[in-house]
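Asker: Before we start, here is the structure in question, set down as structure tokens.
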Amino acid sequence: MGNINEIYDVMIIGAGVVGVAIARELSRYSNRLGVIEKEPDVSLGASCRNSGVIHSGINYKPGTRRAILGVRGNAMMDELCFELNVPLKRIGKLTVALTEEDLPGLFRLYEQGRANGVPGMEMMNNSAMRRIQPGVDGIFGLWTPSSGIISPYGLTIALAENAHANGVDFYLECQVESLTRRDDGVFEVGARDLRHNAMRKFETRVIINSAGIHSDEISRMAGIDDGVIWACRGEYYVLDRRLDGTLKTLVYPVPGRNDPGLGIHLTPTVDGNILIGPSAVYIPDEDREDYRATAPVMESLKREGLRLLPDLAASDFIRNFAGNRPKQTSPEVGGNADFTIEDTAIPGFIRLQGIESPGLTSSPAIALEVRDLVSRHIELRSRTDFNAANPGFTGFFSDLPLEARRELIGSDPEYGEIICRCERITKREIRNAIENPLGARTLMSVKYRARATMGRCQGGFCLPRIVRMLRDEYGYEPEDFMAKGRGAYMFAGHVRSRGEAV
Amino acid sequence: MRSISRRSVAVIGGGPAGLDAAIAAYEAGALDVVLIERDIRLGGILNQCIHDGFGLHRFKEALSGPEYASRCIDRLTDLGVSVMLETIVLDLSPDRRMLLSRRGALFEMECDSVVLAMGCRERARGALSIPGHRPSGVYTAGAAQNLVNMENIMPGRNIVILGSGDIGLIMARRMTLEGAHVEAVFEIMPYSSGLPRNIQQCLVDYEIPLYLSTTVVGITGMGRLEGVTVASVDENRIPVRGTERFVPCDTLLLSVGLIPENELARSAGVLLDPVTGGPKVDDRCMTSVPGIFSCGNALHVHDLVDWVSEEASRAGAASAKYASGEPGASGRAISVVPGSGIRYVLPDRIGEHASVCGDVSLAFRVASPSRGSVVGIYSGGVRIKEESHSRLHPAEMVWIRLGCDDIARAYETPDEPLEVRIV
């Protein structure tokens, strides 16, 4: 941890994919950088609660930031994912007109895509579509081969760990409570250390507000009142990997003009599951992080899933989750506003608001845009020792070919020990996750890094094993186990204290 | 080139089913039997079942889970059956070639026959579709049992249990004994899915209320669980509006069903029964893939370990015979089907060899509770056997034994399935 008296050049508030993409981009320079995040890990907000789709850019009005940065970010993904060893699958997408009434909308998307510079688009009749996705319905479809899928938290974690390796300080479980710009132009950031319930102070020349669903609250702390965020919840179901391979591509309906989202659809994940969702329901402002699942939406998602995949069994629905879009349009207006990425009236306070879809896709392009904004305020000093790659083997062991696995087991026997049997995650991978460089200590941190507990038994088998490992090898006491933030403790203590008679 | 080890019989899973299957295979003359277990010790789920009541039928004693297991383990050790611990089977092919993994090694094995005895897993929250938040403090009952009994960890202090499966009932008592407060057990069905003796000994004796036709319709808590909303359900298991009430608690234990573990069976192309979740098997416990057998909770979820052991012994002996080259699936078989009032029946078919070489036990579960019922077995219009039962309950497995004569009579009309039904 850096010297507290030293002034940061840039502090980024919020460690979602956009915040850490900016951190990683700025870590190409030798300036002093910090990321501050109220959750106990990166990627715990919208970045772990979305479809994981890299969008082509057909859905956004030409000339908007969503269109420009979406298409640009999409084009940057291959190199980024290669550098960080994050699996990216360009499986393409079919946007399907089910009836003639959908056709004008479909043509509009095609025109929009052309104006936005989306590569490789093709209009298809049903038989051409069925060559890509057997059995798909619809009279016409728009094929966009640059659409793809990615693990959104996988990308966020990889970006953060790379930024950290290049010298960015991460302050997890640190919630910003006050922002003051002194007369010398330096910001004082007052933050509560949630783990130790203590106040901390940081100083920085530039602040980047990428606080997602809370970005308007952060702006208000700095004295900027315009720009309200509404939370719009999207619920999902996760389906068993049994169905892996059913979907060759993404299939979306043509969205209505004022829909807040892109409609309920099936999305294969890079891990081999299928997601059903997301819904789009504005939620009251009392708690923007209320990720509850609601009975009517769950019902409709199940119905939709069964309509699209008739051989679904009840046991295929292994989990549900929800994410909240940070929207700048009110429920009455609907639709989407463009991203806000701008300098503000307060010099050095840069704000990003309303980065909903395609935020994940746009994140590397947003980072470049923000870099240019930052360079108006401070000098970015170049460095020669930036390392773009994450060290070591970072994929999933069980996805490797047999011989490669044998070789790795030879060099580290713990690759032979399977802890999570559903997802086939080895002890070594779980150890790597536990020993993550950011120091994130929750069980969610292990889950999102190693994929353990994400399978069909949802941790019934491996959770006790991971617990045993953390206790025996890392000295955790029962009360040290946290599932995630917000006081989500796992256990209430020992059954018996040591030495107590049974 | 790596050498591939060869075995006559490999038994996958070292719980009660695997133990007795391996013992029986060895005793039936299989030369090199190997028992493969992924945990650090044999015994499977019995190790965490420290309550008693195991072995009442088999040993005429009430043993604890570990005691029951140790009897099997001692026998296995005396016989000298080889065991691979901390070893997991990753893949099984239809020609019985396996890929295994353990610390420091990834290796293959070929076998003349394989017994699948991987047990079952618990249904998790996702399969229930309970609306609400996703706080910590929601555990399956078996995972909680493991934490309490094996790891000395208390999952929570104020407990609500959803589902009255046996593990849930056992955990209601267990948590109470360890000083937790168990608020209630809620069961969506109009009857418990647990054994009557467990209702008495685990709930009634501790004054823990059991609410039937009631379920959890909401989960509250952004960090840790703060409470659940429960509601009565109608005869279609739909929550009744206006009956919701909030029950504060920090822990929700789920005991809502078990699912036979059959990923390996799937990878080997074994046909599964959608009702049991386990393979379709003949009277020797052989699956649709010759040489691959299944028993215990991987085949269908049992109520008592005694029956698991009995079934596993049959599967183990049959696997040894198959490995020694005795004729397999060829020849005729009569199919066995569940009729009215019967949820499922096993085996799925009876081979003709059974009409000359011995008894066959049909295991079945009824669809709903009844008293004074008669269970009949019919072949076409012909009654093969009838038994009256003073009490039938979905929680309890029922066995009917068919003698050689019964089977021979059924074979008079070999194209007619044997139907088990409540008369």
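Asker: Amide H neighbours of B:VAL233 under 5 Å, counting only residues 5+ apart in sequence or on other chains, H built in-plane at 1.01 Å?
Answerer: Long-range HN contacts for B:VAL233: B:THR214, B:THR215, B:VAL240.
Asker: Another question, then. Could you state the orientation-averaged shadow area of the convex hull built on the Cα atoms of segment B:16-79, in nm² to one decimal?
Answerer: The orientation-averaged projected area of the Cα hull of segment B:16-79 comes to 4.5 nm².
Asker: Okay, moving on. If you place +1 on the Cβ of every Lys and Arg and -1 on the Cβ of every Asp and Glu, how big does the dipole about the Cα centre of segment A:354-486 come out, in debye to the nearest 20?
Answerer: Using Cβ point charges on Lys, Arg, Asp and Glu, segment A:354-486 gives about 320 debye.
Asker: Another question, then. With +1 on the Cβ of every Lys and Arg and -1 on the Cβ of every Asp and Glu, and nothing else charged, how large is the dipole of segment B:74-138 about its Cα centre, in debye rounded to the nearest 20?
Answerer: For this selection, approximately 520 debye.
Asker: Kirkwood hydrodynamic radius (Cα pairs, Å) of segment A:286-439?
Answerer: The answer is 21.3 Å.
Asker: So, by mean Cβ neighbours within 10 angstrom, what's the order for A:156-164, B:276-284 with the highest one leading?
Answerer: Descending packing order for the listed peptides: A:156-164, B:276-284.
Asker: Here's another thing I want to ask about it. Dividing the Cα convex hull volume of segment B:183-254 by residue count, how many Å³ per residue is that?
Answerer: Cα convex hull per residue, to the nearest whole number: 91 Å³.
Asker: Under a 5 Å amide H to amide H cut-off, with H placed in plane at 1.01 Å, what residues pair with B:ARG7 once short-range neighbours are removed?
Answerer: Those lying under 5 Å, H to H, from B:ARG7 are B:GLU110, B:CYS111, B:ASP112.
Asker: Also, quick follow-up: In what sequence, highest mean first, do B:65-71, A:289-295 appear when ranked by Cβ atoms within 10 angstrom?
Answerer: The most tightly packed comes first, giving B:65-71, A:289-295.
Asker: Among B:SER313, A:SER315, A:SER56, which comes first, second and so on when ranked by fewest other beta-carbon atoms within 10 Å?
Answerer: Starting with the residue having the fewest Cβ neighbours, the order is A:SER315, B:SER313, A:SER56.
Asker: Another question, if that's okay. Kirkwood-based Rg over Rh for segment A:456-502 (C-alpha set), two decimals?
Answerer: Here Rg/Rh amounts to 1.02.
Asker: Looking at the calculated P(r) for segment A:189-256, what percent of the C-alpha pair distances fall above 20 Å?
Answerer: 61
Asker: Averaged over peptide B:216-227, how many Cβ atoms belonging to another chain are found within 10 Å of each residue's Cβ?
Answerer: Counting Cβ atoms of other protein chains within 10 Å of each residue's Cβ and averaging gives 3.
Asker: If eta is 0.692 mPa s and T is 37 °C, what Stokes-Einstein diffusion coefficient results for segment A:17-83, Kirkwood Rh from Cα pairs, in µm²/s?
Answerer: Answer from the Stokes-Einstein relation: 234 µm²/s.
Asker: So, one more: Would you mind giving the three semi-axes, in whole Å and largest first, of the ellipsoid equivalent to segment B:258-315 according to its Cα gyration tensor?
Answerer: Result for segment B:258-315: semi-axes of 17, 14, 8 Å.
Asker: On to the next question. What does segment B:331-423 give for Rg and for Dmax, in Å, if only its C-alpha atoms count?
Answerer: My reading of the Cα-based Rg and Dmax gives 12.6, 40 Å.
Asker: Can you classify segment B:1-52 as rounded, prolate or oblate using the Cα gyration tensor, where a ≥ b ≥ c are the square roots of its eigenvalues, rounded means a/c under 1.5, and otherwise it's prolate if a/b beats b/c and oblate if not?
Answerer: In terms of gyration-tensor shape, oblate.
Asker: Output wanted: per-residue J couplings in Hz (rounded whole) for segment B:316-321, from phi through Karplus 6.51 cos²θ - 1.76 cosθ + 1.60, θ = phi - 60°, x for Gly and Pro.
Answerer: Per-residue couplings from phi come out as x, 4, 5, 5, 5, 4 Hz.
Asker: Here's something else I'd like to know. Can you give the average number of partner chain beta-carbon atoms within 10 Å of each beta-carbon in peptide A:481-491, as a whole number?
Answerer: The shielding value for this peptide is 6.
Asker: Then there's this: With only alpha-carbon atoms counted, please give the Rg and Dmax of segment B:237-343, in Å.
Answerer: 19.1, 65
Asker: May I pose another question? In terms of the Cα gyration tensor, with a ≥ b ≥ c the square roots of its eigenvalues, is segment B:270-421 rounded because a/c is under 1.5, prolate because a/b exceeds b/c, or oblate?
Answerer: Oblate, because a/c is 1.5 or more while a/b does not exceed b/c.
Asker: Out of every Cα pair in the protein assembly as shown, what percent are spaced more than 56 Å from each other?
Answerer: In whole percent, the long-distance tail amounts to 16.
Asker: For n ≥ 4 DSSP H runs only, could you compute -39500 (n - 2.57) per run for chain B, divide by its residues and tell me the 222 nm figure to the nearest 500?
Answerer: Helix contribution divided over all residues of chain B: -6000 deg cm²/dmol.
Asker: Additional query: Cut-off is 10 Å between beta-carbons; in what order do A:HIS214, B:HIS57, B:HIS389 appear when sorted fewest neighbours first?
Answerer: Going from sparsest to densest Cβ surroundings: B:HIS57, B:HIS389, A:HIS214.
Asker: Here's something else I'd like to know. For segment A:397-480, what's the relative contact order in percent, using C-alpha pairs closer than 8 Å and at least 6 residues apart?
Answerer: Relative CO of segment A:397-480 lands at 22 percent.
Asker: Continuing with the same structure: Among B:ILE208, B:VAL182, B:VAL230, whose Cα sits farthest toward the positive end of the charge dipole of segment B:181-304 (+1 at Cβ of Lys/Arg, -1 at Cβ of Asp/Glu, about the Cα centre)?
Answerer: Of the candidates, B:VAL230 comes out farthest on the positive side.
Asker: Quick one: which residues, 5+ away or cross-chain, put their amide H under 5 Å from the amide H of A:SER279? H built at 1.01 Å from N.
Answerer: Close amide H contacts, sequence-distant or interchain: A:GLU235.
Asker: Next question, about the same structure. By what distance, in whole Å, do the Cα atoms of segment B:124-256 stretch along each of the three principal axes, largest value first?
Answerer: The Cα atoms of segment B:124-256 stretch 40, 36, 24 Å along the principal axes, largest first.
Asker: Can you give the average number of partner chain beta-carbon atoms within 10 Å of each beta-carbon in peptide B:133-142, as a whole number?
Answerer: What the average comes to for B:133-142 is 6.
Asker: Looking only at Cα atoms, what is the convex hull volume of chain A per residue, in Å³?
Answerer: 170
Asker: Moving on to the next point. Per-residue counts of other Cβ atoms within 10 Å, averaged by peptide: what ranking do you get for A:367-378, A:16-27, highest first?
Answerer: Descending packing order for the listed peptides: A:16-27, A:367-378.
Asker: Cα centroid distance between segment A:458-502 and segment B:71-138, in Å?
Answerer: Cα centres, segment A:458-502 to segment B:71-138: 24 Å.
Asker: Here's another thing I want to ask about it. Let me know the volume per residue of the alpha-carbon convex hull for segment B:1-143, in Å³.
Answerer: Spread over its residues, the Cα hull of segment B:1-143 gives 164 Å³ apiece.
Asker: Looking at the P(r) of segment A:214-364, how many percent of alpha-carbon pairs lie beyond 29 Å?
Answerer: Of all Cα-Cα pairs in segment A:214-364, 26 percent lie more than 29 Å apart.
Asker: With just the Cα atoms defining each centre, how far is segment A:154-213 from segment A:39-60? Give it in Å.
Answerer: Using only Cα atoms to place each centre, the spacing works out to 21 Å.
Asker: Just the number: Rg to Rh for chain B, Cα atoms, Kirkwood Rh, two decimals.
Answerer: We get a ratio of 0.99 for chain B.
Asker: Most exposed first by the Cβ proxy, i.e. fewest other Cβ within 10 Å, how do B:ILE342, B:ILE377, B:ILE12, A:ILE224 rank?
Answerer: Neighbour counts put them in this order, fewest first: A:ILE224, B:ILE342, B:ILE377, B:ILE12.
Asker: For segment B:147-152, take each phi angle, set θ = phi - 60°, evaluate the Karplus expression 6.51 cos²θ - 1.76 cosθ + 1.60, and give the result in whole Hz per residue in order, putting x for glycine and proline.
Answerer: 4, 6, 7, 9, 10, 6
Asker: Size of the dipole of the protein assembly as shown about the Cα centre, Lys and Arg at +1 and Asp and Glu at -1 on the beta carbon, nothing else charged, in debye to 20?
Answerer: 720
Asker: Here's a follow-up. Just to check, using Stokes-Einstein with a Kirkwood Rh over alpha carbon pairs, what's the diffusion coefficient of segment A:409-462 at 20 °C and 1.002 mPa s in µm²/s?
Answerer: 192
Asker: Sort out for me the Cα centre separation of segment A:110-135 from segment B:265-283, rounded to whole Å.
Answerer: 41
Asker: Also: I'd like the antiparallel share, as a percent to the nearest 5, of DSSP beta bridges with both residues in chain A.
Answerer: Of those bridges, close to 75 percent are antiparallel.
Asker: Now for a separate question. Residue by residue, what Karplus-based ³J(HN,Hα) values in Hz, rounded to whole numbers, does segment B:26-40 have, using 6.51, -1.76 and 1.60 with θ = phi - 60° and x for Gly and Pro?
Answerer: 5, 5, 7, x, 5, 6, 10, 8, 10, 10, 10, 10, 8, 7, 7
Read the figures in this text as sums done on the coordinates, not as results from a lab. These numbers were taken from a predicted model, which means no experiment stands behind them. Backbone-built Cβ (ideal geometry, glycine too); neighbour counts: all protein chains shown.
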